[in-house]
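The values are calculated or read from the model by the stated rules, or taken from the named source; none is laboratory data. Fair warning: this is a prediction, and the values are worked out from it, not measured in the lab. Note that each Cβ is placed from the backbone with ideal geometry, even for glycine, and that neighbours are counted across all protein chains shown. Just so you know, the surface numbers come from the protein's heavy atoms only, side chains and all, with ligands and any DNA or RNA stripped out. Shrake-Rupley method; radii C 1.70, N 1.55, O 1.52, S 1.80 Å.
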Amino acid sequence: MSEAKWYVVHTYSGYENKVKANIEKTIENRHLEDQILEVRVPLQDVVEMKNGTAKQVQKKLFPGYVLLNMVMNDDTWYVVRNTRGVTGFVGPGSKPVPLTEEEMLPLGIKEENVQVDFAEGDMVVVTGGAWKDTTGVVSAINAQKQVVTINVELFGRETPVEISFAEVKAL
């Protein structure tokens, strides 16, 4: 399997969040979590002056564009290209061109290598969020998304739950 790269998709202006939600829903429905890893609408903090008062707001860094971290193949290309609100990939003709490392730096997107002190099969405790103080067994680790899937007992059954690395610690 080839490596995931960042691609840029052009959308109708104002539809960026809708496109992001639609792509994420399609990823979930078609089980493409291992091929389309992240969908992002870059935001920046801006101070706006309204009625003489300064207010901190978030504005889209690139209106009309959505960033995707994905493995490019016919299936993922088709899914993204045929999402409502998407006008096409950025690149010559119909061939998407991935962003280079130099282009990624100003966006604040870095490849992070997070070291975790647990592995599959280990018992962990959740330290924050809705599952705080719950213990479970690690069934999967996704370093790309920085989440761990643990099996917790819910209503007498083993149930898989996805939790951020930051909210889990090994027992």
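The table below lists the values:
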quantity: First in the stretch 143-171 and under 15 Å from E120 (Cβ atoms), second anywhere and modelled with pLDDT of 85 or more and open to solvent by 100 Å² or more (accessible area, probe 1.4 Å), Cβ under 6 Å, 6 or more apart; calculated: V147/E162; T149/E162; N151/E158
quantity: Residue check for W6: more than 19 Å from P106 (Cβ to Cβ) and hydrophobic (A, V, I, L, M, F, W, C); calculated: no
quantity: Meets criteria (within 21 Å of E102 (Cβ to Cβ) and either open to solvent by 40 Å² or more (accessible area, probe 1.4 Å) or within 15 Å of the chain's Cα centre (by Cα) (or both)) for M72; calculated: yes
quantity: Test: V9 is closer than 13 Å to V79 by Cα and in contact with a strand residue (DSSP E or B) (Cβ under 9 Å, 6 or more places away or on another chain); calculated: yes
quantity: Residue that is surrounded by the fewest Cβ atoms within 10 Å (Cβ to Cβ) [pool: residues in the stretch 77-101 that are of a type in the set (S, T, N, Q) and under 9 Å from V9 (Cβ atoms)]; calculated: T87
quantity: Residues of the stretch 59-102 satisfying the condition of being among the hydroxyl-bearing types (S, T, Y) and out of contact with any Leu (no Cβ under 9 Å at 6 or more places or on another chain); calculated: Y65, Y78, T83, T87, S94, T100
quantity: Residues (modelled with pLDDT of 85 or more, open to solvent by 50 Å² or more (accessible area, probe 1.4 Å) and part of a strand (DSSP E or B)) located in the stretch 27-50; calculated: E38, R40
